[in-house]
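Data block below; observations after.
The values are calculated or read from the model by the stated rules, or taken from the named source; none is laboratory data. Since the structure is predicted, the reported quantities are computational estimates derived from the model, not experimental observations. Every residue, glycine among them, receives a Cβ derived from its backbone with ideal geometry; neighbour counts consider all protein chains shown. Each accessible area value is taken on the protein alone, full model and side chains, heavy atoms only, with ligands, DNA and RNA left out. Shrake-Rupley method; radii C 1.70, N 1.55, O 1.52, S 1.80 Å.
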Amino acid sequence: MAVTDRAPLSPATLREARVPADGMYEGRRILRRVPEGWHERPYELIDVVPQGRLIGAEIRGVDLARPLTPALREELNRALLEWKVLFFRGAGITAEQQRAFALHWGELETNPLLARGSADDVVRFDKGGSAVPTYENVWHADVTFRERPALGAVLQLREVPPYGGDTMWADMAAAYDNLPDEVKARVEGARAVHDFIPGFARFYGPDKLAPLQD
């Protein structure tokens with residue numbers, strides 16, 4: 001094997017990089033699932049199976065086709081507050097039963113910008129055909145532009161992919177808990193404009209949006 005002389009390698013030069021003026025936040029994260037002082041109690045009527053450390057739990061032992069008793073509704077509401085997103089696998093309920101289940105949490109809203117389902121306060125999302133393929137595929141919180149934003153949404157998947165999927169939820173309570181105190185102080189009392197036009201102007205013209213501004 002022949003060996004040739006090689007010039008010595010020059011030392012690597014580190015490129016310039018921008019470091020934020022207020023430094024980088026690192027170290028342990030709080031990752032609280034419930035607020036400080038929250039009294040966790042065992043569930044007696046349902047099984048709660050966590051799907052992550054902070055957010056998302058599967059609920060077992062509930063027949064969503066039947067009316068909820070006050071005690072069962074209370075436990076489901078507590079699970080919702082503690083886990084933010086609840087999954088009921090294989091519920092197999094009708095649109096009317098889904099609507100009745102949602103009514104346990106209050107009056108339902110109507111949304112004139114979304115396709116109607118079996119009733120004015122039931123929305124239908126279709127994929128394929130003439131439907132917009134990426135309608136909701138952006139990080140968002142639903143209807144924050146309303147004077148009275150909805151508490152949440154009750155979704156039922158009729159057709160699901162064999163694996164994967166692109167629906168995700170973010171725990172904004174845990175995100176806030178992890179903010180440094182100086183950032184919390186900076187945003188305390190701040191006001192934000194929640195405007196429906198930027199999100200929906202991608203799909204509808206002024207003639208559709210203008211009458212809905214109020």
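How much of the accessible area of the chain, probe 1.4 Å, is carbon plus sulfur, in whole percent? Mind dumping the intermediate values first?
Numbers: 9370 of 17210 Å².
With neighbouring chains kept in place, the figure for the chain is 54 percent.
Recomputing Cα extents along the principal axes in Å from the coordinates shown identifies the correct label among (i) 57, 34, 34; (ii) 69, 41, 36; (iii) 83, 54, 52 as (iii).
A straight line joining the Cα centroids of the range 167-206 and the range 17-71 runs 20 Å. When the chain is treated as a Gaussian network with alpha carbon springs shorter than 10 Å, the biggest mean-square fluctuation among Ala102, Ala21, Ala119 belongs to Ala21.
Specify, per residue and in Å³, the volume enclosed by the convex hull of the alpha carbon atoms belonging to the range 1-99.
So the per-residue hull volume is 335 Å³.
Note on the range 157-214: Rg/Rh from Cα positions, Kirkwood definition for Rh, rounded to two decimals, is 1.15.
For the chain, set up a GNM with springs between Cα atoms under 10 Å and report which of Glu40, Glu16, Glu182 has the largest fluctuation. Looking only at Glu40, Glu16, Glu182, the biggest GNM fluctuation is shown by Glu16. Averaged per residue, the range 64-160 has 69 square angstrom of accessible surface, using a 1.4 angstrom probe with ligands and nucleic acids left out.
Dipole size in debye (nearest 20) for the range 38-178 around its Cα centre, Lys and Arg Cβ +1, Asp and Glu Cβ -1?
On the way: 15 positive and 21 negative charges, 41 e Å.
Dipole about the Cα centre, nearest 20: 200 debye.
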